[in-house]
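The values are calculated or read from the model by the stated rules, or taken from the named source; none is laboratory data. Not measured: the values here are computed from a predicted model. Cβ atoms come from the backbone with ideal geometry, glycine included; neighbour counts cover every protein chain shown. We work out accessible area using only protein heavy atoms, side chains counted, and drop any ligands, DNA or RNA first. Shrake-Rupley method; radii C 1.70, N 1.55, O 1.52, S 1.80 Å.
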Amino acid sequence: MEKKCSQYNLETISAFVDKELGPKQLDKFACHVETCEACRLVVDQLQGIKEAFKSAAEDEMKSIDSQVFLSSVTAKSFNRKPAIFEKLKEYLSPKPILKIATIAVILGFSLMYFRQPGINGIGPSAIVNSVDTNMSSVMIIETIETKHTIIWFTET
Amino acid sequence: MNNSAVHRDNIEEAELVERLKRGQEWAFAILVKKYRMQLLKIAYGITLDREESCEIVQDVFVSVHKNIKNFRQEASLKGWLRKITVNHSLNWKRKFKRRFRWSHTPLEQEDEKMQYTVQKEKKNPETAYQGKEFEKFVMGRIKKLPEKVRVVFVLNTFEGLSYDEIAQSLGIKKGTVKSRLHTARKSLLESIRS
Ligand SMILES: [Zn+2]
């Protein structure tokens, strides 16, 4: 069981770690923490958590190749896109009549998808591809039992 | 790298924005180079998904390229990019897809494995809350935090924003920022205290 400080709570210690204490409070707490083992431990733990989170994210994101990232994002921004999905996007562009049709299709596909025996509970194994437009999205999902299922949904 | 390249890297933000508005590709490359890592970390902190974060940040830059004309020079470019990244990370369509992906990726056999015990006798107290083992444990716990709590924690931890800045950036009250941070920390601290 860890010791507990009788003077300061987690809120103050958090504010100290975040440099959110006012000058007076800061002076008082800074002196206190020198002598209070319980508070020092919490400060260490909070800083440890901060550093661990930062370091884990940094490690994970460092593995993304910067050159590949840049080429890909430049191609996307300066319109050097794969043609096939652009065609699909065009087809899904927000025309009023399509909106109604899309809603119908979503309902249809969703019902079909969830009614199939054995599908519930298995879950898709991968999202093969997806296309988003302002009003609708298409997701091509691969499941264990079916080859591909397309789910459409819309934002109204 | 030659001198002119160095000069280009150091170009002032205002000039960078100006050049982005003119659609110059090399200015765009500088923008990406300058902010890529920072935005990736924000996206990863929220989504905890590597591929997803990469896609999100690519979309952020694409959207910046498209909308740079609407950017007001007096606003901060960094703040603008941060805001777009947070919004993209919280987008419901993305969350929907992420849930599918997560549902298929077995979460590590968490609870049994995720008992972090500080071996006080063996470990120096100064290094007890460091290292890969601790990092893995913390990440497992962070994944369990509600997303709205995690977003606040991300902006606090990665961006070092003040409570006021977080409140402003997310459009919530300062009190809410404090209470969400408190929730995050209380839960994380409880989990490391065996
Ligand atoms: Zn104390």
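Here are the numbers for this structure:
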{"quantity": "Two-decimal Rg/Rh across region B:134-185, once Rg and the Kirkwood Rh are taken from alpha-carbon atoms", "calculated": "0.99"}
{"quantity": "Local electrostatic count, B:Lys174, Cβ distance below 14 Å [Lys/Arg +1, Asp/Glu -1]", "calculated": "-2"}
{"quantity": "Relative contact order (%) - region B:124-194, alpha-carbon pairs under 8 angstrom, separation at least six", "calculated": "31"}
{"quantity": "Shielding by other protein chains, A:57-69, mean Cβ within 10 Å", "calculated": "6"}
{"quantity": "Inter-probe distance in nm under a simple model that places probes 7 Å from Cα toward Cβ, at B:Asp164 and A:Val68", "calculated": "4.4"}
{"quantity": "Partner chain coverage, peptide A:41-50 - average Cβ within 10 angstrom", "calculated": "6"}
{"quantity": "Residues with amide H under 5 Å from that of B:Phe158, placed H, sequence gap 5 or more", "calculated": "none"}
{"quantity": "Linear extension gain, B:Glu12 paired with B:Trp26, 0.36 nm per residue minus alpha-carbon span", "calculated": "3.6 nm"}
{"quantity": "Isotropic mean projected area of the C-alpha convex hull, region A:10-62 (nm²)", "calculated": "4.0"}
{"quantity": "Calculated FRET efficiency for the pair A:Asp44/A:Lys76, C-beta based, R₀ 45 Å, to 0.05", "calculated": "0.55"}
{"quantity": "Accessible surface of region B:124-194 [probe 1.4 Å, protein heavy atoms]: carbon and sulfur percent", "calculated": "49"}
{"quantity": "Estimated buried accessible area (total), pair B and A, 1.4 Å, Å² to nearest 100", "calculated": "5000"}
{"quantity": "Vicinal HN-Hα couplings computed from phi for region A:43-53 (Karplus, 6.51 cos²θ - 1.76 cosθ + 1.60; Hz; Gly/Pro x)", "calculated": "4, 4, 5, 5, 5, x, 4, 4, 5, 5, 5"}
